[in-house]
Amino acid sequence: MKKLTNKEKEIMDLYWKNGPMFVRELQEQYDEPRPHFNTLSTLVRILEKNGFLDHKQYGNSYQYFPTVTEKEYGRNSLAGIISNYFNGSYLNAVSSFVKEEKISVEELRELIEKIEKGA
């Protein structure tokens, strides 16, 4: 799965939060000054081309909807990071977090406890 740019992720967050929307409705989700309609339309079409959105046609208008859940995207993004930066090893990733003090040994113990309990 392709990685989303910041702008694409922003748009997908709005679709994941609100469900199916026309581009005009998407535009209304933004605070002023809102992005230009054509800019959003172009980004939405790119997201559709990349498999993140699909559409249903209503006359001359298209209502877009997500084809990938936020959870699926997050899972695939994490898998890509693990694959690219930690040689596919989740153990290497966790070890790196412990070494860089991003996670404490106590937090690691809590994580193991949760795993053992099946959470």
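The values are calculated or read from the model by the stated rules, or taken from the named source; none is laboratory data. Just so it is clear, the structure is predicted and the values come from calculations on it, not from any experiment. Don't worry about glycine lacking a Cβ; one is built from the backbone with ideal geometry, like all the others, and counts go over all protein chains shown. Quick note on the areas: whole protein, heavy atoms, side chains included, nothing else; ligands and nucleic acids left out. Shrake-Rupley method; radii C 1.70, N 1.55, O 1.52, S 1.80 Å.
Scanning the stretch 95-111 for residues that are modelled with pLDDT of 85 or more and exposed (fewer than 11 other Cβ atoms within 10 Å of the Cβ), we see that the one that is farthest from Ile82 (Cα to Cα) is Glu106.
For His55, the conditions (1) surrounded by fewer than 12 Cβ atoms within 10 Å (Cβ to Cβ); (2) modelled with pLDDT of 95 or more all hold with the exception of (1).
Figure legend. Inter-residue proximity from the stretch 71-83: first residues within 19 Å of Lys17 (Cβ to Cβ), second residues assigned to a helix (DSSP H, G or I) and open to solvent by 40 Å² or more (accessible area, probe 1.4 Å), beta-carbon distance below 9 Å, spacing 6+ or different chains. Indicated pairs: Tyr73/Lys9; Tyr73/Trp16.
Return yes or no: is Val44 in contact with a strand residue (DSSP E or B) (Cβ under 9 Å, 6 or more places away or on another chain), in contact (Cβ under 8 Å) with a residue 12 or more places away in the chain and assigned to a helix (DSSP H, G or I)? Please lay out each step first, then the result.
Working: in contact with a strand residue (DSSP E or B) (Cβ under 9 Å, 6 or more places away or on another chain): yes; in contact (Cβ under 8 Å) with a residue 12 or more places away in the chain: yes; assigned to a helix (DSSP H, G or I): yes.
So Val44 fits the description; yes.
Would you confirm, using the coordinates I've provided, whether Asn92 is touching a Phe, Trp or Tyr at 6+ places or on another chain (Cβ under 9 Å), open to solvent by 60 Å² or more (accessible area, probe 1.4 Å) and either on the phi > 0 side of the Ramachandran plot or at pLDDT below 85 (or both)? First the steps, then the outcome.
Values: touching a Phe, Trp or Tyr at 6+ places or on another chain (Cβ under 9 Å): yes; open to solvent by 60 Å² or more (accessible area, probe 1.4 Å): yes; either on the phi > 0 side of the Ramachandran plot or at pLDDT below 85 (or both): yes.
So Asn92 passes the test.
Among the residues examined, Val68 does not qualify as aliphatic (A, V, I, L, M) and loosely packed, with under 10 Cβ neighbours inside 10 Å. Filtering the stretch 45-91 to residues that are of a type in the set (Val, Ile, Thr), touching a Gly at 6+ places or on another chain (Cβ under 9 Å) and within 18 Å of Ile11 (Cβ to Cβ) leaves Thr67, Val68. If the condition is being in contact (Cβ under 8 Å) with a residue 12 or more places away in the chain and surrounded by 13 or more Cβ atoms within 10 Å (Cβ to Cβ), then the stretch 15-38 contributes Tyr15, Trp16, Pro20, Met21, Phe22, Val23, Leu26, Gln27, Gln29. Taking the conditions (1) without any contact (Cβ under 8 Å) to a residue 60 or more places away in the chain; (2) open to solvent by less than 90 Å² (accessible area, probe 1.4 Å) in turn, Met12 satisfies each one other than (1).
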